[in-house]
Amino acid sequence: MTTFTVWKFDSPEGAEHAIQVVEDAAKDGLVTIVDHAVVSWPPDAEHPKTKHSDGKHGAAWGGLWGIVAGALFAIPVAGAVAGAAIGAMAKATNDAGITKADLEKIRTEVVPGTSALFIVTDRGNLDRLGERFSGAHAALIHTNLTEGERKILMETFGGG
């Protein structure tokens, strides 16, 4: 089963360190990494930096990272503009299993001084993977995607 997860870290460097943990878990057979992006938000920066992996589905998932990691953090946290922007993003992501509530939670939790690892995995053992993050000051927000949702996500964001 394909899973979309977001790991939030209490430091701007946390997500960069975490991708190494996930890559090690992949080598141990705990998870298959489909694609990922790292969002790092230094405390003094107006907006976060986003780094997309060069995964084999980069073009398909790149559209998702652009909407979720790019547009999501370019809007204000509160107010009518934020509500309208998150609502518009939710229309693009809802059929793929990423709800408005998921987007709002990500937006309010990933703030200056933190980072996040956005990752799409396949055949993962989230419990054992989570154990590897012990002591990393990480919070997991995840949305499980069914095969149908994955197909919609790939079609929506260019992976057909």
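What follows draws every value from the coordinates through simple rules; no lab data is involved. Note that this is a predicted model, so its numbers are computed, not measured. Reconstructed Cβ throughout: ideal geometry from the backbone, glycine too, with neighbour counts over all protein chains shown.
For Ala45 and Asp122, calculate 0.36 nm times their separation in residues minus their Cα-Cα distance, and state this gained length in nm to one decimal.
Details: separation 77, 0.36 × 77 = 27.72 nm, distance 3.34 nm.
Extending this stretch completely gives an extra 24.4 nm.
Amide H to amide H, which residues 5 or more places from Val34 or on other chains are under 5 Å from it, using H placed in the peptide plane?
Val120, Thr121, Asp122
List the trypsin sites (Lys or Arg not before Pro) within the stretch 108-138 that fall in a DSSP loop (any state other than H, G, I, E or B) and whose Cβ has at most 14 other Cβ atoms within 10 Å.
Arg123
Counting Lys and Arg as +1 and Asp and Glu as -1, what is the net charge of the other residues whose Cβ lies under 14 Å from the Cβ of Trp41?
Summing Lys and Arg as +1 and Asp and Glu as -1 gives -2.
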